[in-house]
Amino acid sequence: MSIVFLVLTSLVGCASKSNAQQTKNKPNIVLFFVDDLGWSDLGFRNSIFESRNINSLAKSGLSFEQAYIPTPTCSPSRATLLTGKHPVRLEMVRHIPGGKKNGFDQFGRGSIEYHLLPRDPAQFPSRNWLPLEHKTYAEALKNLGYYNLFVGKWHLGHEPYHPNKQGFDKQIGTSNFGHPKSYYPPYFKQDTIFEDTKNTYLTDKLTNEAVSFIRNYKKENPFMLTFSYYSVHSPHEGPKDLVAHFEAKGLKGKFAHYAAMVKATDESVGRVMQAIKDTGKEKETIFIFLSDQGGYFENAPFRGGKMTETLFEGGARVPFFFYWDGVTSPNSKNNTPVQSTDLFPTLIEIAGGDTSTYPNLDGVSLLSTIKENKLLQKRTLFGYRAYEDLYASVRDGDWKLLAYRSGKTELFNISKDVKEENDLNNKMPDIVDKLKDKLMKWEKEMDVEKYSGVLLK
């Protein structure tokens, strides 16, 4: 055996150990992505709700108090989260519909790439799936040595566009639908999807799978678990015992069911976090908690919500927490306005990757902010939807402009008027013009001028 061969073998061995060590030192990541949970629908912000575990998660780390979803609705919020690109750039400005009239069969499958919404004034065509050419954080993390598990709601296309085609190593409980038929089995229109013979509540069944994965994970690679809840989306159907618990406290009907769904989600978060602790992985795991849009019911102290005035604070502002043992400080709050577009570049930097290799990202990394709780540089955030007259928002510092396709604009100072009650549109024309100009330039960059309404005329 030659000396050269021995040296080369030694070098290869050292390199392999070095690579393995680098992979081993990367943190695991657990993302709790909840559907339709309002900013204030948690126990520490509203005493109606019971969310002991989520309260603890928020208080253990850093809370972004002004976090926004750029297009507050199911499919666009998910597409942005996965890609770091604004829904307008992705041409997904509405939720993916279903039904025969939209070209979908009974299994939620279709071949028409775009759909129109009759009541949308702009007639903006919106995609029916997330195209595979857009890199997801799962694909990026896989290249950085991560194992990716997706649990729960997808709502970004049927089987050819499912998580296992978008970088995830495994998917559990994924359907072609935006919500279950029932939270008790059979959960979906096709009863062969995620079958259950024990009458298990859907959130609990998904949690069982997530906990089992954590307890049995033996790979050297770090993992990212994306737990994408179907709850607390309608149908508002809470676990029977928890519904009775809230009815005994005086809540009735859907409100009792909704509170029960929030508590069931909280118990799920607690079980997953406990599984991480039990396996000794807490100090090497980052926990992230986020909602996909504002709440269905009241969203005090904010105006608006999922169903109405959705680009107001009640529909667009969401809970967003990071807990990283030894890195984030307890009870930390950050008032920098951020968007869910920021999660993709943040995950890439956490994993040791280079965000510059991913073109057209609309977010910025929050890693230094998470580590040091410092304010980000001032930037302008844009909201956009294609459902009704109200279609765009511009958040710039303390100011927020709302733009309607009819030509109407509204202006609010969010720092002084978080309820968005005092419209300053006629009192601050210079600021209105400045924000309108920013919106028009952004629309041109996004190549949507033809759908922009009267502001460009």
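Each value in this text was obtained by applying a stated rule to the coordinates, not by laboratory testing. Computed from a prediction, not measured in an experiment: that's the story for all the values here. Here Cβ is always computed from backbone atoms with ideal geometry, including for glycine, and neighbour counts include all displayed protein chains.
For region 218-327, what does the relative contact order come out to in percent, with C-alpha contacts under 8 Å and a separation of six or more?
Values: 127 pairs, mean separation 20.1, N = 110.
With pairs under 8 Å counted, the relative contact order is 18 percent.
Using only Cα positions of region 112-177, each an equal point scatterer, no hydration layer, compute I(q)/I(0) via Debye at q = 0.13 Å⁻¹ and quote the log10 values to two decimals. So the normalised log intensities are -0.44.
How much mean residue ellipticity at 222 nm does the chain get from its helices, if each DSSP H run of length 4 or more adds -39500 (n - 2.57) and you divide by all residues, to the nearest 500 deg cm²/dmol?
Details: 12 runs with 139 residues, N = 457.
That comes out to -9500 deg cm²/dmol.
Coordinate range of the alpha-carbon atoms in region 314-360 per principal axis, descending: 33, 32, 13 Å. Phi-derived couplings, Karplus 6.51 cos²θ - 1.76 cosθ + 1.60 at θ = phi - 60°, listed residue by residue for region 141-156: 5, 4, 5, 9, x, 8, 9, 10, 10, 10, 10, x, 6, 10, 6, 10 Hz, with x used for Gly and Pro.
Please label the shape of region 332-428 as rounded, prolate or oblate, based on the square roots a ≥ b ≥ c of the eigenvalues of the alpha-carbon gyration tensor (a/c under 1.5 means rounded; beyond that, a/b larger than b/c means prolate, else oblate). Oblate is the answer for region 332-428, as a/c is 1.5 or above yet b/c matches or exceeds a/b. Bridges between two residues of the chain, per DSSP, are antiparallel at a rate of about 50%. Relative contact order of the chain: 24 percent, from C-alpha pairs under 8 Å at least 6 residues apart in sequence. For every other residue with a beta carbon closer than 11 angstrom to the beta carbon of Ser406, add +1 if it is Lys or Arg and -1 if Asp or Glu, then tell me the sum. Its environment carries a net charge of 0. Only alpha carbons enter this Debye calculation for region 287-333, each as an equal point scatterer, and the log10 of I(q)/I(0) it gives at q = 0.18 Å⁻¹ is -0.59.
Under the criterion of Cα pairs below 8 Å and six or more residues apart, the relative contact order for region 334-457 equals 15 percent.
If you look at the Cα atoms of the chain, you get an Rg and a Dmax of 22.4, 86 Å. Evaluating kT/(6 pi eta Rh) at 4 °C and 1.567 mPa s, with the Kirkwood radius of region 19-94 over Cα pairs in the Stokes-Einstein relation, gives 86 µm² s⁻¹.
Shown in residue order for region 186-194 are the 3J(HN,Hα) couplings computed by the Karplus curve 6.51 cos²θ - 1.76 cosθ + 1.60 at θ = phi - 60°: x, 6, 10, 4, 9, 6, 8, 7, 6 Hz (x for Gly and Pro). The lysines within cross-link reach of Lys400, meaning a Cα-to-Cα straight distance under 17 Å and a gap of 8 or more places when in the same chain, are Lys378, Lys408, Lys416, Lys419, Lys427, Lys434, Lys436, Lys438, Lys441. Highest-first packing order for the peptide set 256-263, 161-168 is 256-263, 161-168, based on the mean count of other beta carbon atoms within 10 Å. In units of the compact-protein estimate 2.2 N^0.38 Å, region 186-277 shows a Cα radius of gyration of 1.22.
Positive-end ranking of Ile286, Phe321, Gly304 along the dipole of region 278-333, with charges on Cβ about the Cα centre, is headed by Gly304.
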